[in-house]
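Readers should treat all values here as calculations from the given coordinates under stated rules, not as data from a laboratory. What you see is a predicted model, and the numbers here were worked out from it, not measured in a lab.
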Amino acid sequence: MNDDVRKYIFTTLTIFVFGLIVWIGFLFINACGFTLTCKQGAFPVDRTPIPTLLPATLPVMETGKGNVVISDRCRVAAVDLIGEWVSAGASETDPFKFIDINGQNCESTFEEIKPLFVEANLWVPGSLSCSSCHSDVTISPAQLDLSSYAGIMAGSRRADAESKGTDILGGGTWKGSLLYEFLSTSKPDVPGHTESVSDLVIFAGTSLPAPDLPSTPKP
């Protein structure tokens, strides 16, 4: 009996040790491969990730002959841009002039006015467009359509889409107009007008060349 017990114990230990060696070998090969350098088991080298490139929103700057040339886009408060358009006669096609915040003489058209009324997320981050509430005069607040030139010129408080209403452009007097009042003052009780948007500055128009100065006659 004693010999049989010893045989069982020896066999069990042998199987255990053999199994342990096989398991350790499996783990080593899985981590390091068939090599003693075990490079696969080394910690990976930390690398600086490539930053995500954001789309540029500022004017393009180019260099030439040692001088920096800035894009001819102008910077202007959106409310002032609309005001200059109104003061110039509010034409749908004719260009109008304005002076931007840097004192440059600039020129624009209604094509750059319209997006201020029909584009979302513009006046305030996350905001709806003006035309999202003011388009169909039958259901629009103040019966106002800001989705098109014709709608803007037709005014507010309209009986139907074919009729004209109250002039919102003040007859060309911008700071006395209803539109200026709604853009420049906060109205906590009116959705979409809970804060003033008069500080919004945008890129619009193109700068005009400086006028040629008369030459000074030589004595």
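Starting from the amide H of Leu144, placed 1.01 Å from N in the peptide plane, find each other amide H under 5 Å away whose residue is 5 or more places distant or on another chain.
Placed amide hydrogens put Arg157 under 5 Å from Leu144.
Near Lys187, which aspartates and glutamates are there with a Cα under 18 Å away, not counting those fewer than 8 places off in the same chain?
Glu195, Asp199
With the Cα gyration tensor of segment 66-207 in hand, give its eigenvalues times 5 under a square root as the equivalent ellipsoid semi-axes, listed largest first in whole angstrom.
28, 17, 13
Pull out the extension gain between Phe203 and Glu119, defined as 0.36 nm times the separation in residues minus the alpha carbon to alpha carbon distance; nm, one decimal.
28.8 nm
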